[in-house]
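*Asks:* To start, I am sharing the structure in question, which I have written as structure tokens.
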Amino acid sequence: MASLNRVVMGPASRKMIQSLGPKGLDVAEISGHWGQMFSFRSYEIYRYPAFDICEGPVLGDDGRPKKFDLVLANQVWEHLDRPYAATRNVRRMLKKGGHFWLAVPFYIPFHAAPNDCSRWSARGLKNLLVECGFDAAEIQAEQWGNRHVARRNLEQPWPPDHLPDQDDLSNDPAMPICAWALARKT
């Protein structure tokens, strides 16, 4: 079953990535494997603790930041001690015109893996991206959630599975559960 917290974010995010033409993209994913569902030209995963995006960008054999068309970060940024440094490092890894997609929780339980540090709404993600050098006009940020899902997030075990015949998937802008954004480096 799908996680209730990701049931709306997943399809909306896949649509964002599909609009970029995945078959022509060289992609890096920071800790995770969400991007494995796409047919990218190339796809590399960099996992913590072997790679810490807070410490610097992925480096190529020449010691310079390795360049990608797209960097993915799914449910990672809330765990980072220094998300602003990490976001600036991702920007350094992008080719001109490249994209950074990230998804984060907003209203969910504390989940240290190994840390749990931050929460962002769609506006907060856009602010983070702008402060790290992305042009505001080149950022698409969305959020989704409602009080029903917020109550379900108090259940154990967590995260709750999506129950299609019972779960309200309407969006209440005043009760975000998760947020995601796609930013383009100009």
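*Asks:* Go through region 40-53 and give me each residue that's assigned to a loop (DSSP other than H, G, I, E, B) and in contact with a Ser or Thr (Cβ under 9 Å, 6 or more places away or on another chain).
*Replies:* Matches in region 40-53: R47, Y48, F51, I53.
*Asks:* Next up: Could you check how many residues of region 156-168 are at pLDDT below 95, more than 22 Å from W120 (Cα to Cα) and surrounded by 11 or more Cβ atoms within 10 Å (Cβ to Cβ)?
*Replies:* Adding up the residues that qualify gives 0.
*Asks:* Can you spot a residue in region 40-50 that is closer than 20 Å to I139 by Cβ, under 17 Å from the mean Cα position of the chain (by Cα) and either of a type in the set (F, W, Y) or buried (at least 17 other Cβ atoms within 10 Å of the Cβ) (or both)?
*Replies:* As a first pass, look at region 40-50 and keep what is closer than 20 Å to I139 by Cβ: none.
There is no residue in region 40-50 that is closer than 20 Å to I139 by Cβ, under 17 Å from the mean Cα position of the chain (by Cα) and either of a type in the set (F, W, Y) or buried (at least 17 other Cβ atoms within 10 Å of the Cβ) (or both).
*Asks:* While we're on this one: Quick check: is even one residue across region 76-88 free of Cβ contacts under 8 Å to residues at least 24 places away in the same chain and touching a strand residue (DSSP E or B) at 6+ places or on another chain (Cβ under 8 Å)?
*Replies:* Within region 76-88, the subset free of Cβ contacts under 8 Å to residues at least 24 places away in the same chain is none.
So far as region 76-88 goes, no, none of its residues is free of Cβ contacts under 8 Å to residues at least 24 places away in the same chain and touching a strand residue (DSSP E or B) at 6+ places or on another chain (Cβ under 8 Å).
*Asks:* Then there's this: Quick one: how many residues across region 114-146 are of a type outside the set (A, V, I, L, M, F, W, C), surrounded by 14 or more Cβ atoms within 10 Å (Cβ to Cβ) and not in a loop (DSSP other than H, G, I, E, B)?
*Replies:* Count: 7.
*Asks:* Could you tell me which of the residues P160, P105 is in contact (Cβ under 8 Å) with a residue 40 or more places away in the chain and within 24 Å of L72 (Cβ to Cβ)?
*Replies:* P105
Listed here are the residues, each with its yes/no results for (1) in contact with a Leu (Cβ under 9 Å, 6 or more places away or on another chain); (2) within 20 Å of I177 (Cα to Cα); (3) outside any helix (DSSP H, G or I); (4) not aromatic (F, W, Y).
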{"site": "E55", "(1), (2), (3), (4)": "no, no, yes, yes"}
{"site": "D61", "(1), (2), (3), (4)": "no, no, yes, yes"}
{"site": "E78", "(1), (2), (3), (4)": "no, yes, no, yes"}
{"site": "Y84", "(1), (2), (3), (4)": "yes, no, no, no"}
{"site": "K96", "(1), (2), (3), (4)": "no, no, yes, yes"}
{"site": "L102", "(1), (2), (3), (4)": "yes, yes, yes, yes"}
{"site": "A112", "(1), (2), (3), (4)": "no, yes, yes, yes"}
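*Asks:* Which one of L125, L154 is of a type outside the set (S, T, Y) and touching a strand residue (DSSP E or B) at 6+ places or on another chain (Cβ under 6 Å)?
*Replies:* L125
*Asks:* What number of residues within region 11-39 are surrounded by fewer than 19 Cβ atoms within 10 Å (Cβ to Cβ) and under 25 Å from N153 (Cβ atoms)?
*Replies:* Number of matching residues: 8.
*Asks:* Can you tell me which of H33, H99 is closer than 25 Å to A137 by Cα and not polar (S, T, N, Q)? Reasoning before the result, please.
*Replies:* On the way: H33 fails: closer than 25 Å to A137 by Cα.
Only one candidate passes the filter, namely H99.
*Asks:* Take L59 and tell me if it is of a type outside the set (K, R), at negative phi, surrounded by 18 or more Cβ atoms within 10 Å (Cβ to Cβ) and more than 16 Å from the chain's Cα centre (by Cα).
*Replies:* No.
The values are calculated or read from the model by the stated rules, or taken from the named source; none is laboratory data. Bear in mind the structure is a predicted one, so any value in this text is a computation, not a measurement. Backbone-built Cβ (ideal geometry, glycine too); neighbour counts: all protein chains shown.
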